[in-house]
Amino acid sequence: MAGSPDQFRGQARLPRFAAPLRYDLRLRPDLAACTFTGAAAIAVAVSAPTRFIVLNAAELDDLVPTDVVQFEEDEILVVGFDRDLPLGEGVLAMDFTGTLNDQMRGFYRSKYLYNGESRNMAVTQFEAADARRCFPSWDDPAFKAKFKLTLEVPSELVALSNMPVVSETVNGPTKTVYYEESPLMSTYLVAIVVGLFDYIESSTSEGTKVRVYTQVGKTDQGKFALDVAVKSLDLYKDYFATPYPLPKLDMIAIPDFSAGAMENYGLVTYRDTALLYDEQLSSASNKQNVAITVAHELAHQWFGNLVTMEWWTHLWLNEGFASWVSYLAVESLFPEWNNWTQFLDEMTSGLRLDALAESHPIEVEVNHASEIDAIFDSISYDKGASVIRMLQSYLGAERFQKALASYIKKYAYSNAKTEDLWAVLEEETGEPVKDLMTTWTKQQGYPVIYAKLNGHDLELEQAQFLSDGSSGPGMWIVPITSCCGSYDTQKKFLLKDKTGKIQIEEFTSSQSADGEKNQNIWIKLNIDQTGFYRVKYDDELAAGLVKAIKAKKLSLMDKIGIVEDSYALSVARKQTLTSLLQLLNAYDDESDYTVLSHVTSVCLSISKVSVDATPDLNKDIKQLLINLLLPAAKKLGWDPKDGESHLDVMLRSLLLIALVRLGHNDTINEGVRRFHIFFEDRKTSLLLPDTRKAAYLALMRTVSASSRSGYDALLKIYRETAEPQEKSRILGSLSSSPDKDMVVEALNFMLTDEVRNQDSFYILGGISLEGREVAWTWLKQNWDYVLKTWPSSSLISDFMNSIISPFTSEEKAAEVSEFFAGRIKPSFERALKQSLERVRISARWIESIRSEPNLGQTVQHLLQGKA
Ligand code: BES
Ligand code: ZN
């Protein structure tokens, strides 16, 4: 192939005429100087005549051989030769150097304390496209190769990689560690960790050694994760009917970590809070988070690592599946957590994001590496997992599992696209999987089904649901399920057209003895919310459901679905806030965590919007919402009860936090009282980890610039504790004061070295509504620094979501757009647009709330217990 190296610029993918077979990599990190040197010998197969080899590299220097051209923008390296390379196998050898950066990507450094001294560890984070920052590589998931690593590190340190150590030679202060060669795998799954650690160990029923590495002296905190890991591996081996593919599995907590966890093959890395669990120091929700995260990353060892997406367009195959399967595993390990009902939290995030015009299809076109990080979002994860749940429920659990197992077998050590999975499922089940699922993965958004009763017919019509109230053009094949009056008789069919009908004769004809039409009839569509869509019932059907809720006829999932759909329809101005408040009232003696978690989230959104929409009514609306939650909260109190369930522990924390946020004085005062006792005696049983966040938030409601002792007390605890979960609870509270100066102080604190860059989102997520204006001013002033410090898409996007989304006026949206004109980067472009869209949606919602004729009256009625 002739021509110049320039011909390879600006391409989404690398050319395929030369592909790697085996990487022999030798790396020598210098933890003090924060640099590394490396040598790569890559066995390459040349399959077509070429004078060039094209691969990826970024931020690497001193590359030898020297007749290589680096195109920085494309992050590629073109190695030119003076004549065509012979077809067949050859070896490309290169030496290079790089920096152990502080950006939590590529080969980077993380800091930890050892005997009171700050130390560096060297860590990798390669997904999505950052292996190229560590060694020259075909950094594309489809170029699978074998990896054989050698590390040169200080003799006293632990050096881990994907595979077990074959041998080690100590040479005074340094040692050389040789690792076994890996099976075929993608570059983004290669991993290295070098530092001082202790470990605990266990093994699976098949004898795979599993270890959890922690900071020295902290291995107790790894026990829970180790147990979940061993059980999950056993479970997945059966579920996928394929053994765990590697000889060992290590899991390790990294103090600076941009995601929650990363599924590197055989060496899974976690942020501290997602791996470590301590009976005394962690909350029930910390525990769940650890279980779900471990189960998720281990699911990837099959779904992702053994079978890998062919390109990032199919990222959802990795993330949607791992998320879905993690619920399956955790459900089986901890049935009392009611995990599948909790899954509806994930589905709700997916539904809310996908109701934006600025959403995107599950399968996204990716043209440049810089676009990849932004698709690790709720669409790939939550919508992805939800459409899988929908499909499983349509096909049936057993058929589904069998087909998945054959998919894993068929594509093991290789790559697959979305269509490949549908093809296997279709072959195994004979169902029209591809046609059905393509409407969900290639098209953004989802439908709302309008349901109305007409004689003996339940008439259905689908339209794309958008939170701005418009109807998009989308059409789906919708698996409709319905039941009427009882869960015993259910009907199912695929709605393929705009409209459809369900005959419900048998129900409407069931009349009571006195000949009256049965008044207690109810019809619920989308049973247990297995479908990724919303339902809008006509008034008669809606009234029937309210009665059914009050009469406790409905499943937890259906109760959740009804309140979530109503809330979304209200935001989209398809139903009034007045009627939403009336519906909420039907949940007044609900006591289940999973349902109340949705009810409180709706309550808090209503409380926020009413600040701007109906300032005069805000106090009454808050009181109404407090009245709704208070009975359940009173029953639980602040102190744990002997033998209470995991979910009640979660509920206590949820309700106390909600009551504080709604401004309930008694709860705030009690929180502050308990905080002071705790501040004097950190071992008190009056403020255990589960209720601490509520107390911290209560305290911050009382803090102002002129009375700031509460803030200083929290900071003192932050500085004294070594526990990451405790630190995160404090960070999540610091910016929640109603005082603007204190919000700015918390934001400035976020920029100091006392807060790790990985933890900024806690502070951002806590900003009080009163603080939104100063937070925005602060962001504008600090924008250049912020952009430089948080290059990762997920972290920078948190700034958009937390600081911009709370606004509710067109003027503000215009002001924000103007500021960002000329400043947009692919890493946050979509998050910015989504945030702006949310602002405009709120603005319209507010307009419509203001014109609701009966809102004030209804609020008064409900307050007096009349409605
Ligand atoms: N593969 C991801 C980690 C990741 C995220 C890498 C974004 C690059 C960019 C990992 O499997 C993952 O999904 N982690 C989740 C945790 C999980 C429990 C949903 C995370 O980091 O939040
Ligand atoms: Zn994942």
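The values are calculated or read from the model by the stated rules, or taken from the named source; none is laboratory data. Model, not experiment: these values are computed from the prediction. Backbone-built Cβ (ideal geometry, glycine too); neighbour counts: all protein chains shown. Surface accessibility is based on the protein's heavy atoms, side chains included, excluding ligands, DNA and RNA. Shrake-Rupley method; radii C 1.70, N 1.55, O 1.52, S 1.80 Å.
Quick notes on this structure:
- Crossing angle, helix 384-395 versus the chain [Cα axis fit, 0-90 degrees, rounded to tens]: 70 degrees
- Between the alpha-carbon centres of region 384-417 and region 534-598 there is a gap of 33 Å.
- Straight-line cross-link reach from Lys608 at under 12 Å between alpha-carbon atoms covers these aspartates and glutamates, not counting any fewer than eight positions away in the same chain: Glu770.
- Test item: Cα-centred dipole of region 1-187, Lys/Arg +1 and Asp/Glu -1 on Cβ, debye: 400 debye
- Sparse-neighbourhood loop sites, trypsin sites (Lys or Arg not before Pro) in region 65-142 - DSSP loop, at most 12 other Cβ within 10 angstrom: Arg83
- Listed residue (Pro791, Met104, Ile668) projecting farthest to the positive dipole end of the chain, Cβ model: Ile668
- Think of a 1.4 Å ball rolled over the protein heavy atoms: the chain then has 38 Å² of accessible area per residue.
- Exceedance of the 23 Å cut-off in Cα-Cα distance is limited, within the set Lys409/Lys442; Lys111/Lys218; Lys410/Lys496; Lys409/Lys496, to Lys409/Lys442; Lys410/Lys496; Lys409/Lys496.
- Span from the region 669-704 Cα centroid across to the region 628-643 one, whole angstrom: 17 Å
- Antiparallel DSSP beta bridges within the chain, percent to nearest 5: 80 percent
- Cα centre as origin, Lys/Arg/Asp/Glu Cβ charges: region 316-441 dipole, Debye: 380 debye
- In the chain, the portion of solvent-accessible area held by carbon and sulfur atoms comes to 48 percent [1.4 Å probe, whole percent, DNA, RNA and ligands not counted].
- Computed helical MRE - 222 nm, the chain, DSSP H runs ≥ 4 contributing -39500 (n - 2.57), nearest 500: -13000 deg cm²/dmol
- Length-normalised contact order of region 539-596 in % [C-alpha pairs under 8 Å, at least 6 apart]: 42 percent
- For the pair region 1-58 and region 821-859, the centres of their Cα atoms are 47 angstrom apart.
- Aspartates and glutamates whose Cα lies under 16 Å from that of Lys434, excluding same-chain neighbours fewer than 8 positions away: Glu363, Glu419, Asp420, Glu426
- Of Lys635/Lys727; Lys553/Lys622; Lys402/Lys491; Lys524/Lys833; Lys553/Lys693, pairs whose Cα-Cα distance is over 32 Å: Lys524/Lys833; Lys553/Lys693
- Test item: Cα-centred dipole of the chain, Lys/Arg +1 and Asp/Glu -1 on Cβ, debye: 940 debye
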